[in-house]
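Data first, discussion second: the structure below is written as structure tokens.
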Amino acid sequence: MIWFILRRAGAASIVLFLASVMIFLGIRALPGDPAVAMAGEEATPEAVAAIRAQYGLDQPLPVQYADYVTQTLTGNLGRSTQDKLPVADILAQRLPVTLELAAIAIVIAVTIGLLAGIVAAVQSGRFFDYVANAIGLVGLSVPHFWLGLLAILLFSVTLRWLPASGYVPFSEDPAGNLQRMLLPAVVLGTGFAAALMRQTRSAMLGALTADYVRTARSKGLSERKVVAVHALRNSLTTVVTVLGLQLGVLISGAVVTEQIFVIPGFGKLTVDAVLTRNYPVIQAVVLVVVVGYVLINLLVDIAYAALNPRIRFGGGADG
Amino acid sequence: MTGARTAPNGDGPLLDITGLAVDFDTEDGVVHAVKGVDLSLGAGEILALCGESGCGKSVTAMSIPGLLPRGARISGSVKLEGRELTTLPARALRDVRGKEISMVFQEPMTSLNPSFTVGYQLGEVLRRHEGMSRGQARARSVELLDLVGIPAPDRRIKEYPHQLSGGMRQRVMIAIAVACSPKVLIADEPTTALDVTIQAGVLDVFRDLRDRLGTAIILITHDLSVVADIADRAIVMYAGRAVEQAPVTELFARPRHPYTMGLMKALPAAVTAAGVGERPRLAEIPGMVPTPMTDPDECAFQPRCPRAEPDCTASRPILEKAVSESPADGHTVACFHPLEGEGR
């Protein structure tokens, strides 16, 4: 198991290296000379050259890259062109907001999606199954922005149960924070829950007709144990896959959701940075997303191995 | 084994099935899988249920511990030591499964859960029915693996099904099935998916269990060589009904039903002892198995039967004592024109 994790981590670091090269080159491929832009239209060639030397832009690309990696690893992501704040500080402020939002959304989605999927499979062809499938289809089809607006209209404007927008840090006002996070988290988690429900249902339907489930029943185990231990354990691989894939969707969903609910998170930071061509921030945002993706995939791979002994032991008598 | 036909208490057989019928509702209509089967099993007896695919032998077996899928309608009576099982509440039936009646299935590759160790899957049934702790179950599991002939059981117990060969997995299945010393073990094609050399070993395990633990075994198979090898008595099924029933030696010596005869003629020479060197082409039975959707009041085998007469379509023959000059112990056949015991 240790070797398996090390192998996967090695592969992940190769991906990270390649991604960092692409981010580095991507920024350099953008039109315009940053030294000219910084020096201004009227600057003399000597002034431009001085700026080039100051920022190391006259060095060969490999040297520049090495410098970029060193700076990034030491936490120096540059300064925002808008407010001149260090990008690292901005990320440290914005990222936890989105992580909290995503965490609540995931908890809601996994709870609802997993339970509904299991029950729908057990009750397949009956009333609950039809209702869950119908709601699931709607949940998958409805875009975040529309669902967000609808939720604000119903729960904030009409019923006045929850605030329509805004953000309070958890450390200042835990209740107020959760109150404001609930609606966006539900909106963000809806599609996730629907996708998870459908995948869990189909995986469980397959597992429930498997021979080993028949064996479990022939042992006299209770139906709950048959479903929750024997069938579910083998369906979890599918669930983990969906989880990994949907976390990517969650990032794009967070961008839209934070925009609607005016939450100062990572998603809103991204949108604002793109609109103001704030390159250092964009560069950092892309890096964070890439690292996030790679880490999630690494975790998914490790989860597969934990769930499936055939992966852990690298095949057996018959592969 | 013909002496041990009754339950230990002496009144009636261990397992008694009368008029068992199973229908399935499908999109195309009702499928009559089993159309009225009577069967009795004595303690320590090995009974073979044989016939070709779709004759209802597996459905008959699955209906005994109530393991038929949703949508199956079951009628008739299944009694274990006089206790009716078909009307037993689900909870009480679960106490019977794995404890008094247990099963071994055809596919050792898929019948074990790939996500759990052999030890867990064995221990589970011990903890469920015997109330053992994890430690006790573990110790007993090692003994059980040893009993079914698995070498290095204390190591195997920590392994996952994919680390074992097919024959090993089937032995594990058997160990699970006999863990709580069941009265009846139902084995549905237990050797079909295995190599011939492995088959013999697995059959030896069954024989050994019967001799040592006194477990009665219902063996479902389409393979007459398996029947000849291990069973005390056999029931031949065709199209959802029993067509012939006899002790195995009697059945092989004097098959009465033309269908049974057809099955035996379809056996390779090595098994039928026709002699080496002389190898006639295997005889197939012409025609097709009738559809299970209809159930006309006639002999179901009649369209394929070389001995068919006009009266075979007039009504359905019932299973009755075969006319025989030999003191054939309970040889019954459902045929208007049975073979006269002339052998093959």
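The values are calculated or read from the model by the stated rules, or taken from the named source; none is laboratory data. These numbers were taken from a predicted model, which means no experiment stands behind them. Positions of Cβ are backbone-derived with ideal geometry, glycine not excepted, and every protein chain shown enters the neighbour counts. Only protein heavy atoms, including side chains, enter the accessible area calculation; ligands, DNA and RNA are left aside. Shrake-Rupley method; radii C 1.70, N 1.55, O 1.52, S 1.80 Å.
Answer yes or no: is there a residue in the stretch A:237-256 that is open to solvent by 40 Å² or more (accessible area, probe 1.4 Å), at the interface with chain B (Cβ under 10 Å from one of its Cβ atoms) and hydrophobic (A, V, I, L, M, F, W, C). No: the stretch A:237-256 contains no residue that is open to solvent by 40 Å² or more (accessible area, probe 1.4 Å), at the interface with chain B (Cβ under 10 Å from one of its Cβ atoms) and hydrophobic (A, V, I, L, M, F, W, C). Remark: residue B:110 falls outside the filter, which requires a residue to be farther than 25 Å from residue B:14 by Cα, away from chain A (no Cβ under 14 Å) and without any contact (Cβ under 8 Å) to a residue 24 or more places away in the chain.
Inspect all residues belonging to the stretch A:209-222 and state whether any of them is more than 14 Å from chain B (Cβ to nearest Cβ), in a helix (DSSP H, G or I), touching a residue at least 12 places away in the same chain (Cβ under 8 Å) and crowded, with 17+ Cβ neighbours inside 10 Å. No, the conditions are met nowhere in the stretch A:209-222.
Of all residues in the stretch B:25-55, how many are on the phi > 0 side of the Ramachandran plot and open to solvent by less than 10 Å² (accessible area, probe 1.4 Å)? Residues meeting the conditions: 2. Applying the selection to the stretch B:232-259, what residues are touching a Phe, Trp or Tyr at 6+ places or on another chain (Cβ under 9 Å) and assigned to a helix (DSSP H, G or I)? Of everything in the stretch B:232-259, those that are touching a Phe, Trp or Tyr at 6+ places or on another chain (Cβ under 9 Å) and assigned to a helix (DSSP H, G or I) turn out to be B:258, B:259. Counting only residues that are in contact with an Asp or Glu (Cβ under 8 Å, 6 or more places away or on another chain) and either touching a residue at least 60 places away in the same chain (Cβ under 8 Å) or not in a strand (DSSP E or B) (or both), the stretch B:58-89 holds 9 of them. If you go through the stretch B:290-322 and keep only what is under 19 Å from residue B:51 (Cα atoms) and either aromatic (Phe, Trp, Tyr) or in a helix (DSSP H, G or I) (or both), you end up with B:301, B:302, B:303, B:304. May I ask you to list the residues in the stretch A:1-22 that are closer than 18 Å to residue A:297 by Cβ and touching a residue at least 12 places away in the same chain (Cβ under 8 Å)? Passing the criteria: A:1, A:4, A:5, A:8, A:9, A:12, A:15, A:16, A:19, A:20.
Just to check your reading of the model, which residue among B:60, B:87 is more than 14 Å from chain A (Cβ to nearest Cβ), of a type in the set (Ser, Thr, Tyr) and open to solvent by less than 20 Å² (accessible area, probe 1.4 Å)? It would help to see each step written out before you state the result.
Details: B:87 fails: open to solvent by less than 20 Å² (accessible area, probe 1.4 Å).
Every option except B:60 fails the conditions.
Considering only residues that are open to solvent by 40 Å² or more (accessible area, probe 1.4 Å) and either under 16 Å from residue B:181 (Cβ atoms) or touching a strand residue (DSSP E or B) at 6+ places or on another chain (Cβ under 6 Å) (or both), which ones fall in the stretch B:104-130? Listed by number, the residues that qualify are B:106, B:127, B:128, B:130.
In the condition set (1) more than 19 Å from residue A:84 (Cβ to Cβ); (2) without any contact (Cβ under 8 Å) to a residue 12 or more places away in the chain, residue A:275 is compliant with all but (1). Only helices (runs of 4 or more DSSP H) whose full extent lies in the stretch B:140-218 are considered here, and the ones with at least 2 residues that are surrounded by 22 or more Cβ atoms within 10 Å (Cβ to Cβ) and within 14 Å of chain A (Cβ to nearest Cβ) are B:166-178.
Listed by first and then second residue, the pairs with beta-carbon distance under 6 Å, at least 6 apart or on different chains, first residue in the stretch A:176-198 and closer than 15 Å to residue A:101 by Cβ and open to solvent by less than 10 Å² (accessible area, probe 1.4 Å), second part of a helix (DSSP H, G or I) and polar (S, T, N, Q), are A:184/A:257; A:187/A:257; A:188/A:257; A:192/A:246. Cβ-Cβ distances below 7 Å connect the following pairs, each with a first residue in the stretch B:113-125 that is at the interface with another protein chain (Cβ under 10 Å from one of its Cβ atoms) and in a helix (DSSP H, G or I), a second residue that is open to solvent by less than 10 Å² (accessible area, probe 1.4 Å) and of a type in the set (Lys, Arg), and a separation of six or more residues or different chains: B:124/A:219; B:125/A:219.
For the stretch A:260-319, the set of residues classified as hydroxyl-bearing (Ser, Thr, Tyr) and within 14 Å of another protein chain (Cβ to nearest Cβ) consists of A:304 only. Taken as a whole, the structure places residue A:56 among residues that are open to solvent by less than 70 Å² (accessible area, probe 1.4 Å), free of Cβ contacts under 8 Å to residues at least 12 places away in the same chain, of a type in the set (Gly, Ala, Ser) and touching a helix residue (DSSP H, G or I) at 6+ places or on another chain (Cβ under 9 Å). Working only within the stretch A:65-97, note down all residues that are assigned to a helix (DSSP H, G or I) and acidic (Asp, Glu). Passing the criteria: A:67, A:89. Only a single criterion out of (1) within 9 Å of chain A (Cβ to nearest Cβ); (2) open to solvent by 10 Å² or more (accessible area, probe 1.4 Å) is not satisfied by residue B:101, namely (2). Scanning the stretch A:259-316 for residues that are under 30 Å from residue A:30 (Cα atoms) and of a type in the set (Asp, Glu) returns a single hit, A:272.
The residues of the stretch A:77-107 that are surrounded by 20 or more Cβ atoms within 10 Å (Cβ to Cβ) and over 30 Å from residue A:197 (Cβ atoms), listed by number, are A:77, A:80, A:87, A:90, A:94.
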